[in-house]
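The block underneath contains the structure these notes are about, expressed in structure tokens.
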Amino acid sequence: MKTFDDIEVRRPELARSYLELLKAQPGRPIALFAPRRVGKTYFLDLDLAPAARAAGFTPVYADVWLHRAAPLGAINHALEEALDDATVPSSAVGKAAKTPVKKVGAVGAGIEFGEEPKRRALPNEPALRLDTLVARLAAAGRRPVLLMLDEAQALAESADGAGVMASLRAVLQKRKREVLAVFTGSSPDALAAMMAASGGPMYQFAQLLDFPVLGDDYLNLLAQHYSRVHKGKRLDLAALQAAFAHLGYKPALMKDLVKELSAEGSTDVEATLRRMARDTNNVRGWQALLAPLSLFDRHLLVLLAQRKPPIGQNTLKELARTEGKVPTVAKVRAALERLKRAGILSGAGGDYLIEDPLLVDYLLANGADRPP
């Protein structure tokens, strides 16, 4: 029986359009912006990778967050796995077929195989290893590589960010007939800064694009399945659209909302959304997240939830209630960076976003008091 968890939206046309754009500008990647949990990784895995295979590419997915301290290591690891798949047969027959015959005995006496063919070892230096892996993988598969780098802003966050980005750019330009690349990032400001820093290694290197969130097609699928489960009941599309926008267009959260509606047999989308913000499990998680923070940091989060500019004069006056005096801009900026490192915020300059929209609801309802 089909369930809500079986519902998925595939976007092959979007995948093919990205591939056509990449093929039209060899040596220049595209960088896709979108907040966390709106479906970027799902798209890379289930839409872009299959479209790339059909178009004659070897797709390779690398999560740069896998090894944030050494992102080239994460990329090389993904390339090595793909190279193993392309060169190391999985069956005994396949292994035998790729091993040169050393001696053939009399009829029925059997065959003795020699040692498996070996190439020189891969370089240890990460940048040289990246270059070699791309070349070997393209040659092994006899097709170009599509390198998909998820959370690519982590490249700039490593200790040698400039060196890492310079190495990556050099390889992508040198091997432009052997590899195309797609970057994705959940921090648009960080990804944009990588590409916009004049004189930096990635300056104007990639084409920056907004990754489109899911739309009514996804909501209609959820509503149709709800109606199949609950005969005679319908969910209002306008209410679903408003809830989806409130949840930051995050498909998994929206699916949770409709599943909760279904569990209750309710069609009241707004009431269920409010109830999710009071859910005991969610509240415990938020309390654990907020408890280590100072009262100043929590007060700043509440003001951000109220959509107040973090360094605005009125915001600083509000924060004075916690400090006893108007805090310095430097102190607020330091707090913003702490909240970003904690994974609660994203953004830069004057534009900051609390990542979890339901946490925003919780903060608006409960204020900055230390959670129990």
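Note on region 199-213: among residues that are under 21 Å from the mean Cα position of the chain (by Cα) and part of a loop (DSSP other than H, G, I, E, B), the one that is surrounded by the most Cβ atoms within 10 Å (Cβ to Cβ) is Met202. From the list Gly39, Gly56, the one residue that fits, being at positive phi and out of contact with any helix residue (DSSP H, G or I) (no Cβ under 9 Å at 6 or more places or on another chain), is Gly56. Among the residues examined, Gly185 qualifies as surrounded by 20 or more Cβ atoms within 10 Å (Cβ to Cβ) and in the same structural domain as Pro35 (by TED's automatic domain parsing).
Pairing each residue of region 63-83 that is assigned by TED's automatic domain parsing to the domain that holds Met165 with any residue that is of a type in the set (Phe, Trp, Tyr), provided the two are 6+ apart or on different chains, yields C-beta distances under 7 Å for Ala78/Tyr61. Take the conditions (1) of a type outside the set (Lys, Arg); (2) without any contact (Cβ under 8 Å) to a residue 12 or more places away in the chain; (3) within 17 Å of Val9 (Cβ to Cβ); Leu221 misses just one of them, which is (2).
Being surrounded by fewer than 13 Cβ atoms within 10 Å (Cβ to Cβ) and out of contact with any strand residue (DSSP E or B) (no Cβ under 6 Å at 6 or more places or on another chain) is the requirement here; does Gln313 meet it? Yes.
If the condition is being of a type in the set (Gly, Ala, Ser) and either in contact with an Asp or Glu (Cβ under 9 Å, 6 or more places away or on another chain) or more than 12 Å from Phe296 (Cβ to Cβ) (or both), then region 313-333 contributes only Ala330. For region 19-68, residues that are among the hydroxyl-bearing types (Ser, Thr, Tyr), outside any helix (DSSP H, G or I) and surrounded by fewer than 19 Cβ atoms within 10 Å (Cβ to Cβ) total 1. Within region 7-18, the only residue that satisfies the criterion of being part of a helix (DSSP H, G or I) and more than 11 Å from Leu48 (Cβ to Cβ) is Glu13. The residues of region 267-278 that are outside any helix (DSSP H, G or I) and within 26 Å of Val9 (Cβ to Cβ), listed by number, are Thr267, Asp268.
Considering every residue within region 103-114, establish whether at least one is more than 30 Å from Lys174 (Cα to Cα), outside the structural domain of Gly163 (by TED's automatic domain parsing), part of a helix (DSSP H, G or I) and at pLDDT below 85. No, because not a single residue in region 103-114 is more than 30 Å from Lys174 (Cα to Cα), outside the structural domain of Gly163 (by TED's automatic domain parsing), part of a helix (DSSP H, G or I) and at pLDDT below 85.
The values are calculated or read from the model by the stated rules, or taken from the named source; none is laboratory data. It should be emphasised that the depicted structure is a prediction, and the values quoted were computed from it without experimental measurement. Don't worry about glycine lacking a Cβ; one is built from the backbone with ideal geometry, like all the others, and counts go over all protein chains shown.
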